[in-house]
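Working notes, beginning with the structure itself.
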There are 2 protein chains.
Amino acid sequence: MKSQGSPPLQIHKLEPKVKQGLTVVITGHGKGKTTSALGMALRACGHGMKVCIIQFMKGDLYAGEWDGVKLLGDQVELHTTGKGFCGILGNPYPKSEHRANAQDAVRLSLEKIDSGAFDMVVLDEINNALQLQLVDLEQVLEILSRKPPLMHLVLTGRDAHPLVIELADTVSEVVEVKHAYRKEIEPQPGVDY
Amino acid sequence: MKSQGSPPLQIHKLEPKVKQGLTVVITGHGKGKTTSALGMALRACGHGMKVCIIQFMKGDLYAGEWDGVKLLGDQVELHTTGKGFCGILGNPYPKSEHRANAQDAVRLSLEKIDSGAFDMVVLDEINNALQLQLVDLEQVLEILSRKPPLMHLVLTGRDAHPLVIELADTVSEVVEVKHAYRKEIEPQPGVDY
């Protein structure tokens, strides 16, 4: 069915005239924020980049990405720094402890950003941590201001702060159209965790 | 700063009582649809799953994920089946050829789904291909109906068909809040491709 005379497939490769590290925010209440950041990490690895993922508020509940990124070898490091979602039903840790963990995560974030060792740093759930006052706006602004020009910085989590959105280059809001859990389907490995 | 008497960190692992393969649709005009599907593939690999990614309408423009998934080894296979976005400026291929490619992709999708070899099949940009009439609604419905109960099926691309949304378990719409290209920033490796 190939059309007569159509040009053969040529694979082009984009190469920006001006390379630039972007600040990307993935927010909203729908499924696919952390997931999207993980996809960026995978894509970055394909370009030979080094990626650091710091998960705020996560660490008490196994997620497939913890083992998934190991398959990417030493191009990616992933740090869990938390003890689950502060304030949700059944979480046994006091807010002071969630905040202490998030404060450690801020220090780790600045250290990794300042190290110059990474082409991409993902701060997973930091928007959420800010909204819950586990980190302060000034701290997130400090992180944004310390981003090296060529490093990509990805911030995920619901309820991104308006000032963070203003300072970012690319912002997506993931809106829930529907979600399996509303049909009483339990979280499924591979998709939900 | 650890609170006195707070419980030590225990890592829990979810295990659904009823395992179920989900149909997930990631649509919308914002950045992070293919990216989200790639993140699901990475996460699935962490669970030891096998993933097949079929990219509709892509194949003429290098994307980092082509090399990124190679790092995941034989748990993932990725097929590009297209020659770029039909109808966009500068694309030299006639619509008949885009449609022929997409029809090949449908056949490949059914073959991979029917093989039973995969825990997750990602049909990247199929929503878009349907909207552009490179595939027919009946074909997408056929694909949905052939999904094995335990296999996850992920369909990405803008303008998902209402009937596809209705049949899916989880649907997210990625809304563009802002995008770097509107500031005349060129697509950057790792983030945009």
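Derivation of every value follows stated rules applied to the coordinates shown; laboratory data play no part. Computed from a predicted model, the values in this text were never measured in an experiment. Neighbour counts are summed over all protein chains in view; Cβ atoms, including those assigned to glycine, are modelled from backbone coordinates with ideal geometry.
Evaluate the charge dipole of segment A:23-175 about its Cα centre and quote only its size in Debye, nearest 20, assuming +1 on the Cβ of each Lys and Arg and -1 on the Cβ of each Asp and Glu.
Computed about the Cα centre, the dipole is about 220 debye.
If I take the Cα coordinates of chain B and project them onto the principal axes, what are the three extents in Å, biggest first?
Reported extents, whole Å, longest axis first: 69, 44, 34.
Residue by residue through segment A:132-140, what is 3J(HN,Hα) from phi via Karplus (6.51 cos²θ - 1.76 cosθ + 1.60, θ = phi - 60°)? Round to whole Hz and write x for glycine and proline.
Each residue of segment A:132-140 in turn: 8, 6, 7, 10, 9, 3, 4, 5, 5 Hz.
Take the Cα atoms of segment A:10-103, find their three principal axes, and give me the spread along each one in whole Å, biggest first.
56, 27, 24
Apply the Karplus curve 6.51 cos²θ - 1.76 cosθ + 1.60, θ = phi - 60°, to the phi angles in segment A:97-107 and return the couplings in whole Hz, x for Gly and Pro.
For segment A:97-107, the Karplus-derived couplings read 6, 4, 5, 4, 4, 5, 5, 4, 5, 5, 4 Hz, x marking Gly and Pro.
With viscosity set to 0.692 mPa s and temperature to 37 °C, compute the Stokes-Einstein D of segment B:118-191, Rh being the Kirkwood radius across alpha carbon pairs; µm²/s, no decimals.
232 µm²/s
In vacuum, with every alpha carbon of segment B:50-163 counted as one equal point scatterer, what does the Debye formula give for log10 I(q)/I(0) at q = 0.13, 0.15, 0.18 Å⁻¹? Two decimals, please.
The Debye formula, applied to the Cα set alone, gives -0.47, -0.62, -0.89.
For the protein assembly as shown, list log₁₀ I(q)/I(0) at each q in 0.06, 0.07, 0.09, 0.11 Å⁻¹, using the Debye formula over Cα point scatterers of equal strength and ignoring solvent, two decimals each.
Values returned for q = 0.06, 0.07, 0.09, 0.11 Å⁻¹ are -0.22, -0.30, -0.50, -0.75.
Give the nm distances, rounded to one decimal, from B:Leu110 to the matching residue in every other copy, measuring between label points 7 Å along Cα toward the beta carbon; shortest first.
Its label point is 6.0 nm from the equivalent points in the other copies.
Angle check, please: helix A:34-46 long axis (alpha carbons) against the longest principal axis of chain A (alpha carbons), in degrees 0 to 90, nearest 10.
Approximately 40 degrees, to the nearest ten.
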